[in-house]
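Below you'll find the structure, written out as structure tokens, and then a few comments.
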Amino acid sequence: MNCISCNTKLVTEYSKDSYMKLPIYFCNKCDLYVTGENEKEVKNLSMKLYKKEYWDKRGTEESIITNYSDIDSQGKKRQWISQFAYCKPFFKNKKFLEIGCGLGQTIFWFEEQGFEVSGIEPDERNVLLINQKLKSGHCNVGFAEEFDISGDYDVIWISHVFEHLIRPDLFLRKCKEHLTSNGILFIEVPNCENTNILQASIFKNPSTFHFTKRALINLTTKAGFKIERCDYFRSPSKLEGGLNKMLKKMSYKLYPYYPKIITNNKIGTDIRIILKNTLN
């Protein structure tokens, strides 16, 4: 089996076991961790576990009905505020597509900001509820690598879904086909250079790929994208949070992407990347 990022033969077995009960392989050239070696087997197990861990435990309708005021959604809101600030300089126009909408928090908040929103989500129950909530946007039932949607988009957004794809390389090709000339692709994944995050990704989640910054950059540039930004992020400490609150009263921004903070590879929990089509 060869690495989908750099085509190097995967010979190093990092772990014999994982949450998916499959071995984890490590690419010595681009630092990508890969679950299993048989694509069909990985896909079948992934679908089974994803249904068990996400779709069957998706929460209640109350989250959507109450405008996402539940605790989980508020945590997601803090993350989105930071992501939005990070991407804002690259928002040229407002036609937006989210891949993997979940309960619809992100697509709902983008619509509130005046974006023309569309979404792809595999859970039919979620899609029904999301479409009842959106004012003019629309969410479709589908999977990331197989989404069949017409038109081009100014923003394609995939946050903490990319690591669950079976063929992220094919997904990237599809995104290139649907980006406008000034459009961006935003991806956020767990930072697997952080040992704790790597262990959680392998043993506590049905993740098919476990990305380092190097692997993510290699895969996306190989697909023909130009990197605009790529950074590690983490949550602030109590001290940093207090300092930010104090300085905010004086109209000073110490942390421009608060409530998340740019950091280094060892303590960062997430990696964000903003991409543009090299043909544009």
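Screening 118, 159, 136 for residues that are surrounded by 19 or more Cβ atoms within 10 Å (Cβ to Cβ), among the polar types (S, T, N, Q) and farther than 29 Å from residue 41 by Cβ leaves exactly one candidate, 118.
Results for (1) loosely packed, with under 14 Cβ neighbours inside 10 Å; (2) modelled with pLDDT under 95, shown as yes or no for each residue.
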site: 20; (1), (2): no, yes
site: 29; (1), (2): no, yes
site: 32; (1), (2): no, no
site: 45; (1), (2): no, yes
site: 48; (1), (2): yes, yes
site: 56; (1), (2): yes, yes
site: 64; (1), (2): no, yes
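For residue 188, the stated conditions do not hold, so it cannot be described as within 14 Å of the chain's Cα centre (by Cα), in a helix (DSSP H, G or I), under 15 Å from residue 99 (Cα atoms) and charged (D, E, K, R).
Annotation note: of 150, 201, the sole residue that is under 20 Å from residue 47 (Cβ atoms) and either touching a helix residue (DSSP H, G or I) at 6+ places or on another chain (Cβ under 6 Å) or small (Gly, Ala, Ser) (or both) is 201.
The residues listed here are 84, 143, 171, 162; of these, the one that is out of contact with any Ser or Thr (no Cβ under 6 Å at 6 or more places or on another chain) and farther than 26 Å from residue 39 by Cβ is 84.
The one condition from (1) under 21 Å from residue 25 (Cβ atoms); (2) at pLDDT 95 or above that residue 204 does not meet is (2). For the residues 87, 101, the requirement of being at pLDDT 90 or above, under 24 Å from residue 191 (Cβ atoms) and part of a loop (DSSP other than H, G, I, E, B) singles out 101. Residues that are at pLDDT below 95, more than 19 Å from residue 76 (Cα to Cα), in contact with a strand residue (DSSP E or B) (Cβ under 9 Å, 6 or more places away or on another chain) and crowded, with 16+ Cβ neighbours inside 10 Å do not occur anywhere in the stretch 249-272.
The values are calculated or read from the model by the stated rules, or taken from the named source; none is laboratory data. The structure presented is a predicted model; accordingly, all values stated were derived computationally and were not measured. Glycine also receives a Cβ, built like all others from the backbone with ideal geometry; neighbour counts cover every protein chain displayed.
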